[in-house]
Number of protein chains: 2
Amino acid sequence: MGLDTTAQKVFDAITARLQVVSDERIKRKLQEGGKVSGYWGTAPTGRPHVGYMVPMVKIAECVAAGCEVSIYLGDSYAYLVNYDVSQKIVAYRTQYYRFLIAAILRAIGVDMSKITFVVESTYTSTPPFCNDQARMLVHSSQEEIKMVGLEVTTAHMMSPLLCPVYQALSEVYIGGEFQLGGEDQLGMYAYADKVLPRVGYEPVSHLANVIIPGLHKGKMSSSALGATKIEWLDSPDTVKKNLEGISWAELDGPAARFVLPMLQHCLFPLYHLGALGSEKITAQLVDGSTKDYTTYEELERDLQAGHLGFETLQPTFIAFINQVLSPIRAEYATNQEWKLAEKLAYSD
Amino acid sequence: MGLDTTAQKVFDAITARLQVVSDERIKRKLQEGGKVSGYWGTAPTGRPHVGYMVPMVKIAECVAAGCEVSIYLGDSYAYLVNYDVSQKIVAYRTQYYRFLIAAILRAIGVDMSKITFVVESTYTSTPPFCNDQARMLVHSSQEEIKMVGLEVTTAHMMSPLLCPVYQALSEVYIGGEFQLGGEDQLGMYAYADKVLPRVGYEPVSHLANVIIPGLHKGKMSSSALGATKIEWLDSPDTVKKNLEGISWAELDGPAARFVLPMLQHCLFPLYHLGALGSEKITAQLVDGSTKDYTTYEELERDLQAGHLGFETLQPTFIAFINQVLSPIRAEYATNQEWKLAEKLAYSD
């Protein structure tokens, strides 16, 4: 069955630029005329870098299209994944993530009345979850668990083996019509699709966004660690220094791998949402003139044709990053609770 | 530090005929002048056979020595161990085990005011347990889990991997000074000794009883399955038929492997506890005369010296088994709840 024009528009907004692994539940809800809701999850471990902007922008688009979106903070998962971090520290990291993600969503203009935060540990110790966990484990082979991804396959401790079960059950305990995750979640999605039905549950639809690489992938050195990513609370100077530190000359270099996806999946979509106070980006062409772009595709065409160079994009890109980061930094500066959470979460 | 005479007597009664893997907590309690308590656990799976008499008699000795003893019914464990049985059926099996074990303990004269039944699922879905389970998994390597025993090592499903954690945590959630288990639990004990301290818990003392083999070990055939063991609710005729069906002639045959340990670990100890209304067993010697035995050692000496033959022991042994089983059968016959639980638990 097809979707009517209005429903198709919502569906397109939800799924634009994503790998749509499955979409049955979204379409069914739209066909019934209901509001679609979904969730994006993260495990509170290290400090998030600006690569998280990709799902955040997608959440902004979903909310703009009328969805309600939950942010699943997988604290139980984070503890299991065995980063040698105590449950107490994980709790502080969860607070830190919550403050940060709320600040990002506000910074990109999301209607926060449509956002719900769900802390995983609020349900992982309840009898229904314990029961479902046991049922999932009884119906999962060790091989199926290990197939979800490298982190689980190579684990030598026990706890990471439970992570696929925790993530799959989030589909039951958070619910809605879809789960949004990075393309590294395809193994997790396949596991949920296979095992949830064995215990009587229907998986949600699975959507996957691209993952933004670090700035210096392939030539990372320990001394360069800090400069290999842009973090959300980096100062304008750090952002500028780290971005200027990468090679902007090569067509297949870090700029292409980091900057282009950020433009495609964040900057242009935010412009289109009206979240950045403009509808276009202005860049200098190689001939010295300037040109306004309203779509990413146009910009990419000019780059490939040689009209536009990465170097001339640099100031535009740095300004964009700092524009998004600016209100987040400001919120952090006045939020004592967030600062304290950060201190306790990342004291090392 | 040594124990005074009274304490040593209690210690000896608790540990007689057992492999004492560790005894620190028992001795510490006795030195402090406190009452020792402990537990014996079982997972409610198939119908128990009379081999369970060994730990039951040990529990009787512990209670007679002043201990309180808990019976740990591992229903969560039984479900995880993946016998393709639903949680509902496991619940009926748990009821069946509880009725049966209480009846056995009453049949051998145990003061039931000293016995507490603990159903595992009453605590496995609580936040403290969930928390401890996560901590144990974070601190257990997959290799350590698989070392506990064949059932876990060879499992291809996920759930049996949690069993060692469940059994180890029973030491925290049931507690007391000791855990009693069969000699097949040594791997479980070693795991608990290794991993509980990593999460801040002190393991209890570990005691292991011998395990009674089936009647026809080594020549089991599917048609002989029913005759390879004596079950608690077998009729006097079945007991007689199954016991007469084994070879009593060979010195190293089934009688030696099944009957002798039952005499050593059940019959004589029950006589000494005054639980069978006599202090001695009377057997016919090979020369046709009869002799009274008050200790197992004396009987074994006569067997080895050829004064006593297995055949002449047969009627004495069959009478003993039927004496113990008789009040259990009677209790079952009038307990409708128990009968219903059995029907629902073992309908296949």
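Kindly indicate the residue of the stretch A:296-306 that is surrounded by 14 or more Cβ atoms within 10 Å (Cβ to Cβ) and of a type outside the set (D, E, K, R) and also farthest from A:M262 (Cα to Cα) among those meeting that condition.
Going through the qualifying residues, I end up with A:L303.
Considering only the stretch A:130-170, how many residues are part of a helix (DSSP H, G or I) and touching a strand residue (DSSP E or B) at 6+ places or on another chain (Cβ under 6 Å)? Outline the logic, then answer.
Going residue by residue through the stretch A:130-170, those that are part of a helix (DSSP H, G or I) are A:130-138, A:142-146, A:150-153, A:159-170.
Checking which are touching a strand residue (DSSP E or B) at 6+ places or on another chain (Cβ under 6 Å) leaves us with A:170.
Going through the stretch A:130-170 one residue at a time, the tally reaches 1.
Which one of these is closer than 21 Å to A:R17 by Cα and over 24 Å from the mean Cα position of the chain (by Cα): A:E244, A:E311, A:E298?
The unique qualifying residue is A:E298.
How do the pairs read when you match residues in the stretch B:15-40 that are outside any strand (DSSP E or B) with residues anywhere that are charged (D, E, K, R) and surrounded by 18 or more Cβ atoms within 10 Å (Cβ to Cβ), using Cβ under 6 Å and keeping only pairs 6 or more apart or on different chains?
Sorted first by the residue in the stretch B:15-40, then by its partner, the pairs are B:R25/B:E177; B:I26/B:E177; B:K29/B:E177; B:V36/B:K29; B:V36/B:E177.
Here is a check on your reading of the model: is A:L325 at pLDDT below 95 and touching a helix residue (DSSP H, G or I) at 6+ places or on another chain (Cβ under 9 Å)?
Considered against the rule, which asks whether it is at pLDDT below 95 and touching a helix residue (DSSP H, G or I) at 6+ places or on another chain (Cβ under 9 Å), A:L325 comes out as no.
Do you know which of the residues in the stretch B:266-284 that are among the hydrophobic types (A, V, I, L, M, F, W, C) and modelled with pLDDT of 90 or more is nearest to B:A13 (Cα to Cα)?
Applying the filter and picking the extreme gives B:L273.
So in the stretch A:107-131, with the set limited to residues that are within 11 Å of chain B (Cβ to nearest Cβ) and in contact (Cβ under 8 Å) with a residue 24 or more places away in the chain, which one is surrounded by the fewest Cβ atoms within 10 Å (Cβ to Cβ)?
A:Y123
From the list B:G218, B:G226, B:G181, pick out the single residue that is at pLDDT below 95, of a type in the set (G, A, S) and not in a loop (DSSP other than H, G, I, E, B).
On the way: B:G218 fails: not in a loop (DSSP other than H, G, I, E, B); B:G181 fails: at pLDDT below 95.
Going through B:G218, B:G226, B:G181 in turn, the sole match is B:G226.
Would you pick out the residues in the stretch A:316-343 that are surrounded by 13 or more Cβ atoms within 10 Å (Cβ to Cβ) and either of a type in the set (A, V, I, L, M) or in contact with a Cys (Cβ under 6 Å, 6 or more places away or on another chain) (or both)? Write out each step before concluding.
Applying the first criterion (surrounded by 13 or more Cβ atoms within 10 Å (Cβ to Cβ)) to the stretch A:316-343 yields A:316-325, A:327-329, A:331-332, A:335, A:338-342.
Of everything in the stretch A:316-343, those that are surrounded by 13 or more Cβ atoms within 10 Å (Cβ to Cβ) and either of a type in the set (A, V, I, L, M) or in contact with a Cys (Cβ under 6 Å, 6 or more places away or on another chain) (or both) turn out to be A:I318, A:A319, A:I321, A:V324, A:L325, A:I328, A:L340, A:A341.
Consider the stretch B:99-128. How many of its residues are of a type outside the set (S, T, N, Q), assigned to a helix (DSSP H, G or I) and out of contact with any Cys (no Cβ under 8 Å at 6 or more places or on another chain)?
Qualifying residue count, the stretch B:99-128: 13.
Given the conditions (1) over 27 Å from A:Q264 (Cα atoms); (2) not in a loop (DSSP other than H, G, I, E, B), and given that A:I71 satisfies all but one, which numbered condition is not satisfied?
Checking A:I71 against (1) over 27 Å from A:Q264 (Cα atoms); (2) not in a loop (DSSP other than H, G, I, E, B), the one that fails is (1).
Got a number for residues in the stretch A:74-93 being over 16 Å from the mean Cα position of the chain (by Cα) and part of a loop (DSSP other than H, G, I, E, B)?
Count: 6.
Could you check the stretch B:188-202 and list, in sequence order, the residues that are more than 14 Å from chain A (Cβ to nearest Cβ) and surrounded by fewer than 19 Cβ atoms within 10 Å (Cβ to Cβ)?
Once the filter is applied, which keeps residues that are more than 14 Å from chain A (Cβ to nearest Cβ) and surrounded by fewer than 19 Cβ atoms within 10 Å (Cβ to Cβ), the stretch B:188-202 yields B:A190, B:D193, B:P197, B:Y201, B:E202.
On the given criteria, is A:G38 within 14 Å of chain B (Cβ to nearest Cβ) and surrounded by 23 or more Cβ atoms within 10 Å (Cβ to Cβ)?
no
For residues in the stretch B:77-90 being among the hydrophobic types (A, V, I, L, M, F, W, C) and within 12 Å of another protein chain (Cβ to nearest Cβ), which is nearest to B:K343 (Cα to Cα)?
B:V90
Every residue in the stretch B:186-211 that is in contact with a His (Cβ under 7 Å, 6 or more places away or on another chain) and part of a helix (DSSP H, G or I), please.
Listed by number, the residues that qualify are B:Y189, B:V195, B:R198, B:V199.
Among the residues of the stretch B:73-93, what is the count of those that are surrounded by fewer than 18 Cβ atoms within 10 Å (Cβ to Cβ) and either touching a Lys or Arg at 6+ places or on another chain (Cβ under 6 Å) or closer than 14 Å to B:A155 by Cβ (or both)?
2
With the requirement that a residue be part of a helix (DSSP H, G or I) and surrounded by 18 or more Cβ atoms within 10 Å (Cβ to Cβ), what does the stretch B:239-256 give you?
Listed by number, the residues that qualify are B:V239, B:N242, B:L243, B:P254, B:A255.
Please identify the pairs in which a residue from the stretch A:142-159 that is more than 10 Å from chain B (Cβ to nearest Cβ) has its Cβ atom under 8 Å from the Cβ atom of a residue that is assigned to a loop (DSSP other than H, G, I, E, B), counting only partners at least 6 apart or on another chain.
Once the first residue is more than 10 Å from chain B (Cβ to nearest Cβ) and sits in the stretch A:142-159, its partners that are assigned to a loop (DSSP other than H, G, I, E, B) give A:E151/A:V81; A:T153/A:M147.
Determine whether A:Y96 is in a helix (DSSP H, G or I), more than 14 Å from chain B (Cβ to nearest Cβ), in contact with a Leu (Cβ under 7 Å, 6 or more places away or on another chain) and of a type in the set (S, T, Y).
Considered against the rule, which asks whether it is in a helix (DSSP H, G or I), more than 14 Å from chain B (Cβ to nearest Cβ), in contact with a Leu (Cβ under 7 Å, 6 or more places away or on another chain) and of a type in the set (S, T, Y), A:Y96 comes out as no.
For the stretch A:69-94, which residues satisfy the criterion of being among the hydroxyl-bearing types (S, T, Y) and at pLDDT below 95?
A:Y83, A:S86
Quick check on the stretch B:44-61. Is at least one of its residues more than 24 Å from B:Q264 (Cα to Cα) and out of contact with any strand residue (DSSP E or B) (no Cβ under 7 Å at 6 or more places or on another chain)?
yes
Just checking, which of B:L325, B:L303, B:L273 is within 30 Å of B:Y83 (Cα to Cα) and among the aliphatic types (A, V, I, L, M)?
B:L325
Taking the conditions exactly as written (crowded, with 21+ Cβ neighbours inside 10 Å, on the phi < 0 side of the Ramachandran plot and either more than 14 Å from chain B (Cβ to nearest Cβ) or under 18 Å from the mean Cα position of the chain (by Cα) (or both)), does A:A65 satisfy them or not?
Taking the combined requirement at face value, the residue does not satisfy it.
The values are calculated or read from the model by the stated rules, or taken from the named source; none is laboratory data. As the structure is a prediction and not an experimental result, all values here were calculated from the model. Don't worry about glycine lacking a Cβ; one is built from the backbone with ideal geometry, like all the others, and counts go over all protein chains shown.
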